[in-house]
Amino acid sequence: MRLRTLLILLVLVLGLGAFIWFYERELPSSEERVEQSKKVMAVKKDEVRKVALETPAGKVTFERVSHPEEEKKKDEKKQDEKKEGEEAPGEEALEQPESEWKITAPLQARADAFAVDGLLESLTNLEKSRTLEDVDRKDVGLDKPRATVRIETEDGTKVLQLGAAVPTGGSLIAGLEGENEAYVVSDTIWSQIDREPGSWRDRQLFRASRDAIARIALSAPGGQRIVLAEQGGRFRIESPFADRADKTLVDDLYADLSGLTAVQFVDKPELAPAAMGLQPPQRVVEVTFKNGDPLRIELGAPTSAAPEPPSDPSAPPPPASIYARVGPQLIETQTRLPQTAAHPPADWRAHGLSAFEVYDIEGTTIRDGKGPLRLTRAGTDWKRGEETISYMPVSDFLFALTGAEADRLLSTQEAGALGQPVLTVELDAKQAGKETLTLYPARADGAPARVSGRDVVLLLPKDKLQEILARLGDVRGAKKLAPHP
């Protein structure tokens with residue numbers, strides 16, 4: 001046989017083998033075909049877009065709602081920017097799912113994702129223990145089914161009907177609309193679907209990540225309105241004055257929002273709104289998101305007597321059981337949100353000296369009586385001017401700065417004359433921008449400090465100023481590192 005003919009035959013054999021491989025790899029294996037043959041419906045859970053249940057408990061419809069693309073985007077992690085010994089606190093934002101389930105009838109609410117997922121798991125894996133062919137649907141209760149489950153995918157709709165219970169117990173009859181066959185299936189599916197429509201609601205009423213929030217407004221009838229606005233990953237007070245917001249209080253507020261859970265939905269209230277403290281509400285929290293509709297939370301009166309205060313006065317108060325309206329839903333909930341929202345505007349001012357975390361900082365210029373000093377990151381170490389030094393003394397200095405907290409905040413009038421600065425530190429953050437910290441000589445009531453962009457004087461503990469200056473001395477005295485080989 002000629003070489004050219006052999007080559008042609010070889011190409012044909014290879015092409016045929018490739019076709020068979022690509023074709024058959026999409027086909028289920030023998031074991032998979034056996035498993036599929038046991039199932040009542042050939043539907044994959046992730047392909048379901050809509051579910052409609054009709055049971056003795058009522059009718060309810062769920063729909064899968066996809067988030068806009070921008071909602072799915074996550075801020076890039078800065079792991080490569082975090083140096084050894086300078087990791088960020090272990091705060092993790094709530095993961096934003098690509099889609100969620102919503103109840104669209106007979107009410108409008110977010111569905112309990114775990115409950116719907118469990119339902120779909122049961123439906124798509126529902127197995128038949130016996131097949132009844134050419135059965136009279138009237139004889140097995142499928143002419144007027146006890147329950148109907150309508151499942152929609154992009155490929156079409158399947159309708160599962162549940163009929164009579166099998167006399168021996170533990171099983172019932174199921175069938176698909178439009179088919180002649182009926183199946184004996186486990187009756188555990190019944191407990192998955194026979195639920196009151198309202199019980200499918202998500203009891204966790206706030207699931208937004210911190211990054212998704214644009215503003216939070218706190219108000220009370222006749223009281224002052226406090227507006228917190230997100231800027232560059234941090235929150236600032238936007239009203240009634242402009243200032244940096246206290247991180248601890250903002251963290252508490254976000255924790256209270258994220259923990260807002262319905263102990264009970266009040267669909268048929270026995271009390272009038274005024275009796276529940278909701279007309280007018282005692283406190284209102286309004287959350288505006290970067291994408292999507294805003295959320296209004298109205299906080300009302302206690303549902304019962306107030307809990308006993310903790311024996312330790314420094315311990316946080318126990319959560320109160322109150323009436324609340326979250327969006328359109330009236331609920332009973334246990335939450336500390338009323339106490340957090342009740343803080344006066346002055347409490348929301350940040351007491352921290354710096355808005356930055358150590359891992360934010362890429363460089364700093366320091367001015368004191370010993371002359372200017374420039375520090376910049378150099379891999380895992382730092383550059384002191386042109387010299388490379390260990391990260392340890394620089395980290396200690398930056399931790400002392402960013403960890404400094406004021407005992408009191410004073411207006412410029414209250415603070416009076418501050419004298420000449422003993423230290424000025426300009427911080428450069430790659431993502432967060434720039435910030436200038438100015439520290440003044442200590443006096444009897446503390447060590448005054450000013451921060452760029454703020455109109456208050458921070459009164460630091462005197463020993464904190466001493467610590468910062470001592471750490472700066474360590475930076476100046478650090479030995480130069482030998483060049484890497």
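Bear in mind that the values in this text are calculations on the coordinates, not laboratory data. Just so it is clear, the structure is predicted and the values come from calculations on it, not from any experiment. For neighbour counting, all protein chains shown are included, and Cβ atoms are generated from backbone atoms with ideal geometry for every residue, glycine included.
Odds and ends about this structure:
- Full extension of the chain between residue 199 and residue 164 yields a length gain of 10.1 nm, computed as 0.36 nm times the residue separation minus the alpha carbon distance.
- Spatially, the stretch 247-271 and the stretch 133-199 are offset by 39 Å when compared through their Cα centroids.
- In this label model, residue 274 and residue 362 are separated by 6.0 nm, measuring between points 7 Å along each Cα→Cβ vector.
- The length gained on full extension between residue 179 and residue 267, counted as 0.36 nm times the residue separation minus their Cα-Cα distance, comes to 27.7 nm.
- Residues in the stretch 446-485 reached by a label modelled at residue 388 [backbone nitrogen below 17 Å; 7 Å Cα→Cβ]: 478-485
- Average projected area [Cα convex hull, the stretch 358-477], square nanometres: 7.3 nm²
- Peptides 136-145, 401-410 ranked from most to least packed, by the mean per-residue count of other Cβ atoms within 10 Å: 401-410, 136-145.
- Over 20 Å [Cα-Cα, the stretch 279-421], rounded percent: 70 percent
- Amide N of the stretch 197-212 lying under 14 Å from the label point, which is placed 7 angstrom from the Cα of residue 59 along Cα→Cβ: 197
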